[in-house]
Amino acid sequence: MKDKSIPSRFGLVVLVVLLLVLILPSSKIDLASKISASTQASVQVEHIQNFARSAEMDFQLLSADDPAYQQIANVLSGVRCVRRLSQNYSSYSHEYPVDSITVSYYDDAENHQLLLTVYSDGVCILNSVFVNVKYSGGGAAELYQALTEIVE
């Protein structure tokens, strides 16, 4: 009996290690390389009253030589994002009203590089994936405040 349990335990350990190797690196998202590959950005600031409509929206197109573009790029380049494996769109709703800032980065050929939405309630979505945010100023709510100061 003991002879059969040793290979099965070894197989279980190998399987767990393999899963960790596959899951952990893919959960970190590198913003700095996507931003450096971009030459323009659009910024959308929105005040959402309820699910059905938004009351106010401001849209700006920024080129790479724009000071606001550089400030946003500097803030976002220092942000670390880790994919939330347990959250998806169908299981999440905001407390309304809520404010958001969406930054889209594009290259010269207008290929989409990065889409980041940060909500005032501390939720962050990066390329259609919920993420946890860590940067020098705090989490997603603090990132929202930093971006708001730049675009106002």
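The values are calculated or read from the model by the stated rules, or taken from the named source; none is laboratory data. Since this is a predicted model, take the numbers as computed values, not measurements. Positions of Cβ are generated from backbone atoms using ideal geometry, with glycine treated the same way; all protein chains shown enter the neighbour counts. Side chains included, ligands, DNA and RNA excluded: accessible areas come from the protein's heavy atoms. Shrake-Rupley method; radii C 1.70, N 1.55, O 1.52, S 1.80 Å.
Looking for something under 18 Å from S33 (Cα atoms), modelled with pLDDT under 90 and in contact with a helix residue (DSSP H, G or I) (Cβ under 7 Å, 6 or more places away or on another chain) - is there at least one such residue anywhere in the stretch 83-95?
Yes, some residue in the stretch 83-95 is under 18 Å from S33 (Cα atoms), modelled with pLDDT under 90 and in contact with a helix residue (DSSP H, G or I) (Cβ under 7 Å, 6 or more places away or on another chain).
How about the stretch 33-152: which strands (runs of 3 or more DSSP E) wholly inside it have at least 2 residues that are open to solvent by 50 Å² or more (accessible area, probe 1.4 Å)?
Those strands (runs of 3 or more DSSP E) span 54-63, 80-83, 112-119, 129-134.
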